[in-house]
Amino acid sequence: MAKKIICMLLALSMMLTMLAACNNDPVDPVENPNDQQQEENQGNEGEEVISDVLNLVVDGVSDYVIVRGENAYISEVTASTELQSYLKQISGVEIPIVTDSTAPVAKEIVVGKTNRESDGEFDRDELGNDGLVIKSNGQKLFLVGGEKRGTLYAVYTFLEEYLGCRFYTDTFEKIPEMKTVSLEKIEENKQIPVFETRNSFWYDMWNHSLSAKLKINCRRGRGDIPEALGGSLSWAGGECHTLYALAEMTGDQMWNEPCLTSEDVYQTVLKNVRALLAAKPTAKYISISQNDSDNRREGCECDNCMALYNKYGCWTGPYLEFVNRVAREIKDEYPDVMIHTFAYRFTRLVPENLVPEDNVMIQLCTIEGCFRHPLEDYKKLTPESEYNYIDDFAALLKDWAEVCGYLSVWDYTTDFGHYAMTFANFDSLRQNIRLFADNNVKNLFEQGAYQSESGEFGELKGYIIAKLLWDPYMSEEEYWSMIDEFLVDFYGPGGVKIREYIDLIQEETKDKHMGIGVHPEDLYPFPAVVEVNPSDSYPSELNADMILNYQDYDWTKYWTWFKTVEDDYKVLTEGKRLFAEAMEMAETEDQKSRIDKTSIQISYLESYYLAYKLSKGNGAVGKIIANFYKENPDAIDSELKNSLRIDILKFSNEQAFKDYIEFNRQLADKMLKYGIHNPREGFRMNADTVLNLKNTPDDWDE
């Protein structure tokens with residue numbers, strides 16, 4: 001009987017529910033967010049249940065506030081205003097900012113250190129200056145981190161990872177638009193960087209605001225980053241090759257090395273180190289590093305210096321002993337300062353029975369490496385005996401990691417002799433940075449084309465390097481997905497064609513070694529030269545009168561008499577096709593402009609290819625004249641023969657180079673149009689610079 005009563009009650013309950021449903025409109029979770037929230041918050045018998053869903057903005061309305069500390073650090077103030085600004089760009093809603101002096105409310109976005117967090121909720125000792133945490137707790141969202149930079153980084157990370165923002169360059173960002181900003185519960189997302197200092201040293205990355213968004217915290221090339229944007233890990237004095245100034249060397253001595261066993265040199269350096277640190281008490285680093293001598297090393301070889309060289313088995317010994325002495329001297333006075341010195345060129349090797357002091361940072365340089373392949377996969381081909389280098393940089397790094405707990409690396413990501421040439425290092429960038437992360441490297445400087453805008457992939461490389469510096473352990477799939485996303489967002493639909501070009505150059509160079517000064521012809525070999533006529537022949541119309549009156553004739557038609565160059569140059573022909581197709585697919589003028597700028601790398605390579613073809617052709621003119629002389633020994637006065645041949649070669653060269661000069665003129669104009677002032681390191685051109693356009697771009701200043 002009891003069972004029947006229960007069944008009847010259940011049936012009646014179901015009928016009443018169905019009737020209620022028939023008499024009410026269905027609830028749309030987006031159209032009626034407040035009704036939905038009310039239902040979510042009601043548990044059994046009226047008990048309130050807090051939803052884990054964060055409805056920051058619903059249909060253009062928000063009841064959230066942004067909370068920052070009443071005495072927030074200046075960069076945390078920036079973090080709160082940046083969050084407010086970007087949320088308004090995304091949703092059209094300006095969420096108000098309050099301080100933690102106000103009474104708490106249910107829905108808050110907490111930015112930085114406030115009284116909204118419980119004691120010990122966020123371990124700021126663990127987070128340091130740069131670490132961050134993103135998490136939700138009920139209806140509250142926490143974006144916190146190290147006070148100096150971490151909170152600011154937390155805001156930018158939240159905008160990227162949860163809302164889809166992308167900060168590509170200082171002039172181009174991807175900001176989605178949505179009337180509703182709703183998020184599922186966020187479990188603790190804690191990020192602490194592997195590298196203490198991070199610098200993507202590409203000109204395109206120098207903007208201070210962009211530096212903060214991409215978590216770049218080193219000043220080189222940028223000046224000191226403002227404290228409102230997190231500031232910089234700063235240096236007292238110069239950051240490299242400082243012994244010249246510290247030892248008060250003068251004149252031509254800047255390329256020499258001082259005597260490191262001289263007490264006068266030591267006391268002079270120590271005096272100047274103290275003066276620099278006193279002038280900049282916030283400095284984290286000071287450099288005591290060798291001058292930028294060439295590989296032959298013009299340093300002191302007195303008996304005392306040679307004794308140290310013999311004692312430690314390499315030239316690193318005298319330098320490290322000198323730096324260690326300064327480090328011990330100033331440690332108590334400046335306990336938080338790291339002293340930087342190089343393991344560079346002739347000081348690369350680890351000395352025997354000598355280790356760096358705890359406050360000494362050793363910086364290795366990858367300058368002799370191959371950058372087409374991961375450093376772990378490449379053995380240097382240059383004989384060790386020439387420069388006293390070891391062949392394997394990865395092994396060298398691991399040797400230093402065993403004796404030094406605070407390493408730095410100066411890495412290279414461009415061709416300094418050919419800034420506008422495609423530097424095919426996409427396959428190695430990720431793996432090299434991971435190698436550094438695995439071996440005690442705390443300070444990473446990634447040097448690119450830093451002197452002006454880049455005609456290669458400056459925007460892309462600056463961006464992906466910054467991302468790798470923050471996350472060196474991203475997977476290969478994540479890495480290439482990030483590149484693909486950039487290409488389509490930055491160049492538009494034609495980005496897929498530019499990805500095809502990247503794949504092409506990676507395939508074409510897979511068996512090549514690529515240093516930081518590789519010539520275009522060595523990296524992208526030009527097609528073969530083919531003989532087309534016997535070496536003892538010459539044109540039948542060639543006669544003495546033509547030679548004597550050479551200025552009346554067109555000699556360029558003979559440039560292919562003996563040799564020609566195959567036209568099938570895949571990198572160039574396919575590259576031009578792919579960039580042309582990318583341009584056709586562009587949807588906006590901005591996309592067209594970006595593709596046009598990046599296509600400079602194709603024109604740059606073409607300039608060298610045309611010069612190569614011209615060089616082969618002019619040789620043919622010289623040969624046919626020589627063959628004419630051989631077959632007609634008395635046709636030309638013997639005293640005139642050589643001078644006429646030289647004059648004809650020069651004249652022929654000028655005739656043939658008219659088109660080449662015009663090609664280079666257009667290339668130079670296009671480079672300057674986009675702010676690309678440096679064809680190579682150390683050579684800067686402007687609109688009024690006189691250029692020798694008969695030469696290839698790296699020698700336009702010759």
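The three principal axes of the Cα atoms in the stretch 77-228 give end-to-end lengths of 45, 37, 26 Å, sorted in falling order. For 519, 373, 340, the ranking by accessible surface with the largest value first comes to 519, 373, 340, using a 1.4 Å probe.
For residue 434, what accessible area in Å² do you get when you roll a 1.4 Å probe over the heavy atoms of the protein chains, rounding to the nearest 10? Near enough 70 Å² of accessible area.
Sorted largest first, the principal axis extents computed over the alpha-carbon atoms of the stretch 403-557 equal 77, 46, 30 Å.
Distance between the modelled labels on residue 328 and residue 531, one decimal in nanometres: 7.1 nm (7 Å Cα→Cβ projection).
Relative to the longest principal axis of the Cα atoms of the chain, the long axis of helix 2-22 lies at roughly 60 degrees. Reported to the nearest whole Å, the Cα centre-to-centre distance from the stretch 120-148 to the stretch 434-497 is 27. Helix 316-330 and the long axis of the chain differ in direction by around 40°, with both axes built from C-alpha atoms. Computed about its Cα centre, the charge dipole of the chain is approximately 440 debye, with only Lys, Arg, Asp and Glu carrying charge at their Cβ.
Between residue 59 and residue 172, residue separation times 0.36 nm minus the direct Cα-Cα distance comes to 38.0 nm. Take every pair of alpha-carbon atoms less than 8 Å apart whose residues are at least six positions apart; their mean separation over the length of the chain yields a relative contact order of 10 percent.
Using the average count of surrounding beta-carbon atoms within 10 Å as a protection proxy, the listed peptides 613-623, 501-511, 150-160 rank, highest first, as 150-160, 613-623, 501-511.
Rounded to the nearest 20, the size of the Cβ-charge dipole of the stretch 308-467 about its Cα centre is 60 debye, with Lys and Arg at +1 and Asp and Glu at -1. Projecting the Cα atoms of 695, 175, 433 onto the dipole axis of the chain, where Lys and Arg carry +1 and Asp and Glu carry -1 at the beta carbon, places 695 farthest toward the positive end.
Dipole of the stretch 569-702 computed with +1 at Lys/Arg Cβ and -1 at Asp/Glu Cβ about the Cα centre; of 656, 603, 619, farthest Cα towards the positive end is 619. Length available on full extension from residue 484 to residue 207: 0.36 nm per residue minus the Cα-Cα distance, which gives 97.4 nm. Computed over protein heavy atoms with a 1.4 Å probe, the accessible surface of the stretch 515-560 works out to 53 Å² per residue.
Projecting label points 7 angstrom from Cα along Cα→Cβ for residue 690 and residue 634 puts them 4.9 nm apart. Couplings 3J(HN,Hα) of the stretch 410-419, computed from phi: 9, 10, 10, 10, 8, 9, 6, x, 8, 4 Hz, in residue order, whole Hz [Karplus 6.51 cos²θ - 1.76 cosθ + 1.60, θ = phi - 60°; x for Gly and Pro]. Placing +1 on each Lys and Arg Cβ and -1 on each Asp and Glu Cβ, with no other charges, gives the stretch 253-367 a dipole about its Cα centre of roughly 280 debye. Rolling a 1.4 Å probe across the protein heavy atoms gives the stretch 597-702 an accessible surface of 47 Å² per residue.
Rolling a 1.4 Å probe over the protein heavy atoms leaves residue 219 with an accessible area of roughly 40 Å². The angle between the Cα long axis of helix 458-470 and the main principal axis of the chain comes to about 50°, on a 0 to 90 degree scale.
Rg and Dmax of the stretch 585-660, both derived from C-alpha coordinates alone, stand at 21.0, 68 Å.
Apolar share of the accessible surface for the chain: 48 percent from carbon plus sulfur atoms, 1.4 Å probe. Annotation for residue 121 and residue 188: the two label points, set 7 Å from Cα along the Cα-Cβ direction, are 1.3 nm apart.
Length gained on full extension, residue 574 to residue 658: 27.6 nm, using 0.36 nm per residue less the C-alpha separation.
Largest first, the residues 643, 136 sort by 1.4 Å accessible area into 643, 136. Since only 96, 71, 115 are under comparison, the one whose Cα sits farthest along the positive direction of the charge dipole of the stretch 67-143, derived from C-beta charges on Lys, Arg, Asp and Glu, is 96.
Beta bridges assigned by DSSP with both partners in the chain are antiparallel in approximately 35 percent of cases. The smallest convex shape that holds all Cα atoms of the chain, its convex hull, gives 251 Å³ per residue.
Taking the alpha carbon gyration tensor of the stretch 191-273, multiplying each eigenvalue by 5 and rooting it gives semi-axes of 34, 14, 11 Å, largest first.
Calculated accessible area for the stretch 177-237 comes out at 37 Å² per residue, all protein chains present (probe 1.4 Å; ligands, DNA, RNA ignored).
The values are calculated or read from the model by the stated rules, or taken from the named source; none is laboratory data. All figures in this text were calculated on a predicted structure; none of them were measured in a lab. Glycine also receives a Cβ, built like all others from the backbone with ideal geometry; neighbour counts cover every protein chain displayed. The accessibility values were calculated without ligands, DNA or RNA, using every heavy atom of the protein model including side chains. Shrake-Rupley method; radii C 1.70, N 1.55, O 1.52, S 1.80 Å.
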